[in-house]
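Here is the structure we will look at, set down as C-alpha cells.
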Amino acid sequence: MAKRDYYEVLGVDKGASPQEVKKAFRRIAMKFHPDRNSDDKNSDEKFKEAQEAYEILGDEEKKSAYDRFGHAGVDGNAGGGGAGGAGFGDIFGDVFGDIFGGAGGGRGGPARGSDLRYDLQLDLEDAVRGKTVQIDVPTMTHCDPCDGSGARKGTSPVTCTTCQGAGQVRMSQGFFSVQQACPKCHGRGQMIADPCGECRGQGVKEERKTLSVKIPAGVDTGDRIRLSGKGEAGPQGGPAGDLYVQMVVRKHPIFVRDDSNLHCEVPISFAQAALGGDLEVPTLSGKVKLKIPAETQSGKLFRLRGKGVAPVRGGGVGDLLCRVVLETPVNLSAEQRELLQKFEDSLDGKRKHSPRSTTWFDGVKKFFDNLTG
C-alpha cells in the first residue's frame with residue numbers, strides 16, 4: 001500500500017514552520033495514542049504514521065530530501081524512531097508528559113510555594129495620599145524544628161528507593177519508553193524516612209505573619225503590589241511564593257473617583273441659585289470657595305482644577321468636578337409658604353423668568369399640534 005504524503009498526514013502545508021509541524025504532531029499524537037484508544041484497532045497505525053511523518057518533516061535535512069524526491073528520498077530514514085535534528089525526544093517529553101503525568105528533563109528541585117492574594121481595604125484619602133500599613137496574612141512558613149527539611153531533627157532525607165535518587169522513572173508504553181517524575185518522591189530524588197513531628201514531613205506549617213506594606217500615593221481599586229518571597233513557603237525547603245496585595249478602595253460619602261478626577265454633588269438653595277454667591281466645598285486637601293453665578297441652573301458643572309488625584313503611574317493631577325443640585329426646601333412654616341406664594345404670584349407667568357421651562361412647553365405644544373394636524 002502506497003504511503004500517504006507526510007504533509008497530508010500531519011495536516012500542514014509545505015511552508016509550515018518547525019513550530020507548526022511540532023504542534024500538528026502533538027495534536028495527532030494526543031488523539032491517536034494507543035493507550036487512549038484501546039478500542040480503536042487503527043489508532044496504533046495512525047500514531048505510527050504521524051510519528052514517521054514528524055521524524056522526516058521535523059528534520060530540516062530530511063525534509064529537504066523529501067521535498068525534492070518524495071518518499072524515495074527518505075526511504076530508510078523514516079520509521080526508525082531516531083531523534084533527528086528536530087529533537088524528537090523533546091516532543092516526546094511535551095506530548096507524553098501530558099499523557100502520563102510526568103515531566104521530561106533532569107531531577108526536579110523542591111517545589112515552589114504557592115502565591116497568595118490579600119485584599120487590602122483602603123479609604124479614598126489613604127489611597128490618594130499613600131501610607132504604610134500593617135497586615136496579618138495567614139500562610140505556610142518553613143518549619144523551625146526541622147529547618148524546612150521535613151525530616152525529624154537530627155535526621156536527614158534519604159535517597160528515594162524507587163528512583164534511586166534520579167528523580168525520574170522510565171515507563172514502557174508499547175513500542176517506546178518515556179521518563180516521568182518519580183511518583184514516590186515527586187521528582188526530588190529524596191524521601192523522608194523519619195518525618196518531623198511538628199510539620200509531619202512537609203517542611204512547612206501554618207502561621208500568621210505580620211507584614212509592613214508601603215502603599216504608594218494614587219493607587220486605585222484593582223492595583224496590586226507584589227511582595228516577592230512573602231507567599232507560602234515551599235515544601236521540603238522549597239522557595240516561597242509571592243504575595244500580591246490587591247487594592248480595594250472603599251466607597252466615599254462625598255467623592256466618586258474617575259481615574260485622576262474626583263466628582264461630587266453640591267446641594268444649593270433656591271435663593272443661592274437665583275442670586276448667586278460663594279459656597280465652601282470640600283476637597284481632599286481642605287475647603288475651598290466656589291463662586292456660584294446668579295441664575296445658576298440645577299445640574300451645572302463646575303471644575304476646580306488640580307483638586308483631583310495624582311495617578312500612581314504618573315501624569316498630571318486631575319480635577320474636582322462639582323455638580324450643583326437645587327434642593328427644594330422642606331418643613332416650611334405657614335409664613336414661609338405665604339412668602340413663596342407671593343413670590344410665585346409676582347412672576348405672573350412671565351416667560352422671561354423661566355426660559356428653559358418656556359422652551360420646553362413650546363416644544364410640547366408643537367408636538368401635540370403635529371399629532372392632531
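The values are calculated or read from the model by the stated rules, or taken from the named source; none is laboratory data. The structure presented is a predicted model; accordingly, all values stated were derived computationally and were not measured. Quick reminder, even Gly has a Cβ in these numbers, built from the backbone with ideal geometry, and neighbours come from all protein chains shown. Heavy atoms of the whole protein, side chains included, go into the accessibility calculation; ligands, DNA and RNA do not. Shrake-Rupley method; radii C 1.70, N 1.55, O 1.52, S 1.80 Å.
List of remarks:
- Residue 178 among the β-branched types (Val, Ile, Thr), more than 30 Å from residue 260 (Cα to Cα) and touching a Ser or Thr at 6+ places or on another chain (Cβ under 7 Å): no
- Applying the condition of being within 16 Å of residue 238 (Cα to Cα), open to solvent by 70 Å² or more (accessible area, probe 1.4 Å) and over 21 Å from the mean Cα position of the chain (by Cα) to segment 111-145 and asking which residue is modelled with the lowest pLDDT yields 142.
- Residue within segment 245-254 that is over 20 Å from the mean Cα position of the chain (by Cα) and either part of a strand (DSSP E or B) or among the charged types (D, E, K, R) (or both) present: yes
- Annotation note: Cβ proximity below 6 Å between a residue of segment 225-249 that is under 15 Å from residue 137 (Cβ atoms) and hydroxyl-bearing (Ser, Thr, Tyr) and a residue that is open to solvent by less than 40 Å² (accessible area, probe 1.4 Å) and modelled with pLDDT of 85 or more (sequence gap 6+ or interchain) occurs for 228/242.
- Test for residue 279: is it modelled with pLDDT of 90 or more and open to solvent by 60 Å² or more (accessible area, probe 1.4 Å): no
- Residue within segment 174-186 that is open to solvent by 40 Å² or more (accessible area, probe 1.4 Å), part of a loop (DSSP other than H, G, I, E, B), modelled with pLDDT under 80 and touching a strand residue (DSSP E or B) at 6+ places or on another chain (Cβ under 9 Å) present: yes
The rows are residues; the columns are (1) outside any loop (DSSP other than H, G, I, E, B); (2) within 12 Å of residue 263 (Cβ to Cβ); (3) without any contact (Cβ under 8 Å) to a residue 24 or more places away in the chain.
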| site | (1), (2), (3) |
| --- | --- |
| 279 | yes, no, yes |
| 282 | yes, no, no |
| 289 | yes, no, yes |
| 294 | no, no, yes |
| 297 | no, no, no |
| 310 | no, no, no |
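- Some residue of segment 56-69 being open to solvent by less than 70 Å² (accessible area, probe 1.4 Å), under 25 Å from residue 180 (Cβ atoms) and at pLDDT 80 or above: yes
- Checking each residue in segment 227-239 for being under 16 Å from residue 204 (Cβ atoms) and surrounded by 13 or more Cβ atoms within 10 Å (Cβ to Cβ) picks out 230, 231, 232, 233, 234, 235, 236, 237, 238, 239.
- Test: residue in segment 147-154 that is part of a loop (DSSP other than H, G, I, E, B) and of a type in the set (S, T, N, Q): yes
- Qualifying residue in segment 307-316 (condition: at positive phi, open to solvent by less than 50 Å² (accessible area, probe 1.4 Å) and at pLDDT 90 or above): no
- Positions within segment 323-335 being open to solvent by 80 Å² or more (accessible area, probe 1.4 Å) and within 25 Å of residue 265 (Cβ to Cβ), in sequence order: 323, 327, 328, 330, 331
- Filter pass, residue 206 being open to solvent by 20 Å² or more (accessible area, probe 1.4 Å), in contact with a strand residue (DSSP E or B) (Cβ under 7 Å, 6 or more places away or on another chain), under 30 Å from residue 155 (Cα atoms) and at pLDDT below 85: yes
- Restricting 223, 259, 242 to those that are open to solvent by less than 50 Å² (accessible area, probe 1.4 Å), of a type in the set (Asp, Glu) and within 30 Å of residue 305 (Cβ to Cβ) reduces the list to 223.
- Exclusive hit being part of a loop (DSSP other than H, G, I, E, B) and at pLDDT below 80, set 200, 170: 200
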